[in-house]
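Q: My questions all concern the structure below.
The values are calculated or read from the model by the stated rules, or taken from the named source; none is laboratory data. All figures in this text were calculated on a predicted structure; none of them were measured in a lab. The area values use the complete protein model at the heavy-atom level, side chains included, leaving out ligands, DNA and RNA. Shrake-Rupley method; radii C 1.70, N 1.55, O 1.52, S 1.80 Å.
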Amino acid sequence: MSSIIYIGIGSTGLNILEEIQQFHYESEGRNRPGENVEYLYCETDVSNLPKKTASGDTDIVQVPLSLGNNEIVIRDLSGRKDLNVDWLPMPAELLNSESGASAKPTFGRLSLWGGNNYNQFKDVLLQSFQRVQQFDISRNTEIIIVG
């Protein structure tokens with residue numbers, strides 16, 4: 001049996017994961033079909049938490065991506081002559097955004113690279129991968145990204 005890691009990106013990704021989790025709870029009485037499945041959710045709005053099922057719990061792991069640490073990334077990218085940087089937001093605009101990326105793809109793209117966000121996401125993903133691999137005799141792990 002192969003393993004699956006679902007990664008939800010932003011609020012839409014969270015909604016999809018919540019529907020998947022709710023489906024499994026309603027049909028099987030548990031939030032995941034087995035130990036070989038993990039749900040991860042990346043979000044810049046840390047107040048947007050996963051819903052719990054009737055079990056009173058959720059198996060969706062939130063990985064918060066801070067926007068506040070992206071000023072340095074923006075300055076570094078802006079100084080590169082080999083890149084088209086027209087899509088970059090102004091640092092002040094980004095840093096004043098307290099409620100996440102607010103459906104602005106530029107903010108979301110940058111969020112992975114600011115501060116320690118990439119390392120944090122990588123660590124959580126590797127931990128999930130190791131957990132599901134324990135229960136995967138085929139050693140085939142699918143990663144499905146939704147958003």
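Q: Ignoring any ligand, DNA or RNA, what whole percent of the accessible area of the chain comes from carbon and sulfur when the probe is 1.4 angstrom?
A: 53
Q: If you don't mind, another one. When only the heavy atoms of the protein chains count and the probe is 1.4 Å, how do Lys104, Lys51, Lys81 rank by accessible area, highest first?
A: Largest accessible area first, the list is Lys81, Lys51, Lys104.
Q: Let me ask another. Can you give the Kirkwood hydrodynamic radius of the range 1-59 from its Cα pairs, in Å with one decimal?
A: Hydrodynamic radius (Kirkwood, Cα only) of the range 1-59 equals 11.7 Å.
Q: Per residue of the range 129-135, what does 6.51 cos²θ - 1.76 cosθ + 1.60 with θ = phi - 60° give for ³J(HN,Hα)? Whole Hz please, x for Gly and Pro, Karplus curve as stated.
A: 4, 5, 5, 6, 5, 4, 10
Q: Shifting gears a bit: Name the shape class, rounded, prolate or oblate, that the alpha-carbon gyration tensor gives for the chain, where a ≥ b ≥ c are the square roots of its eigenvalues, rounded holds for a/c under 1.5, and otherwise prolate holds if a/b is larger than b/c and oblate otherwise.
A: Judged from the Cα gyration tensor, the chain comes out prolate (a/c at least 1.5, a/b above b/c).
Q: Same structure again: From Cα pairs below 8 angstrom and at least 6 apart in sequence, can you work out the relative contact order of the chain, rounded to a whole percent?
A: Relative contact order comes out at 38 percent.
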